[in-house]
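The values are calculated or read from the model by the stated rules, or taken from the named source; none is laboratory data. Quick caveat: nothing in here was measured; it's all calculated off a predicted structure. Positions of Cβ are backbone-derived with ideal geometry, glycine not excepted, and every protein chain shown enters the neighbour counts. Accessible surface areas use protein heavy atoms only, side chains included; no ligands, DNA or RNA. Shrake-Rupley method; radii C 1.70, N 1.55, O 1.52, S 1.80 Å.
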Amino acid sequence: MYEYIKGTVTDISPEYIVIETGQIGYQIMTGNPFSFSSLEGQETKVYLYQHVREDNISLFGFQTAEERYLFKKLLGVSGIGPKSALAIIAAGDPVPLISAIEAEDDVYLTKFPSVGKKTARQIILDLKGKLADVAADQITVQKATKDISDGLPPALEEAVLALEALGYSTRELKKVLPKLEKEVLTSNDYIKLALQLMTK
């Protein structure tokens, strides 16, 4: 396993950078290659993670050991692969990410590419309480943004999420939600009732 590489940044592309050392150019995948732009042509130190699959061996690079630590932790979450973990890390500052996990703020986590509500909840389940030491003095746990579907029965939650996907706003759904909560229906019937109420 590689710990880090020291060499000259010779090339920057949308997906990777090239570090040359010992007359060998290493292709290193990074979350935001252009964050290395100011270092092009200069010697720099990049922390590495080697990812091995049956058909591929890749090197992933990070500017700090903390970023690499977060990447490895995210890889351990069910449903998160290297590209998804890298996209999350690419946001830059790890403090808001860790704060969101500690606050169980799944709404914040779904802003990242390839992270849906189910994956966001899995990230919280797997990592809450395990990352605070990365930036303990900077993390503030704020109350999570309440999602309109939080705490609803499964069938009603599914209906609300489907209506949101259809383009209905939180304001529109909040108007009809009290009436929907009085009923015990299937998801499809909740959707039908909601549409009737919103078109009155």
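Can you give the calculated 222 nm mean residue ellipticity of the chain, where each DSSP H run of n ≥ 4 adds -39,500 (n - 2.57) and the sum is split over every residue, rounded to the nearest 500 deg cm²/dmol?
That calculation yields -11500 deg cm²/dmol at 222 nm.
Just to verify a number: FRET efficiency for LYS6 and LYS118, C-beta to C-beta distance, R0 = 45 Å, to 0.05? Working shown, then result.
Values: r = 40 Å, r/R0 = 0.90.
Calculated transfer efficiency: 0.65.
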With a cut-off of 8 Å between alpha carbons and a minimum separation of six or more residues, what is the relative contact order of the chain in percent?
13
Carbon-plus-sulfur fraction of the accessible area of the chain, 1.4 Å probe, in percent?
49
Accessible-area ranking of ARG68, ARG171, largest first, probe 1.4 Å:
ARG171, ARG68
Alpha-carbon radius of gyration plus Dmax, which is the widest Cα pair, for the range 1-66 in Å
11.2, 35
When N counts the residues of the chain, how does its alpha-carbon radius of gyration compare numerically with 2.2 N^0.38 Å, as a ratio?
1.32
Using 0.36 nm per residue of separation minus the Cα-Cα distance, give me the extension gain between GLU183 and MET198 in nm, one decimal.
3.8 nm
Given R₀ = 35 Å, what would the calculated FRET efficiency be for ASN32 paired with LEU125, taking r from the Cβ atoms and rounding to 0.05?
0.80
Using the beta-carbon distance between SER58 and ALA165 and R0 = 30 Å, what value does 1/(1 + (r/R0)^6) give for FRET efficiency, to the nearest 0.05?
0.35
Long-range HN-HN contacts of TYR26 with modeled amide H, under 5 Å:
ILE19, GLU20, THR21
Taking the range 4-62 and dividing mean pair separation by its residue count, relative contact order in percent (alpha carbons under 8 Å, at least six apart):
35
In cubic angstrom, how much convex hull volume per residue do the alpha carbon atoms of the range 30-72 span?
82
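For the full complex of protein chains and a 1.4 angstrom probe, list LYS174, LYS45, LYS117 by accessible area with the highest value first.
Ranked list, largest accessible area first: LYS174, LYS45, LYS117.
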As a quick test, which of the pairs LYS117/LYS192; LYS6/LYS111; LYS117/LYS179; LYS72/LYS118 have an alpha carbon distance above 30 angstrom in this structure?
LYS6/LYS111
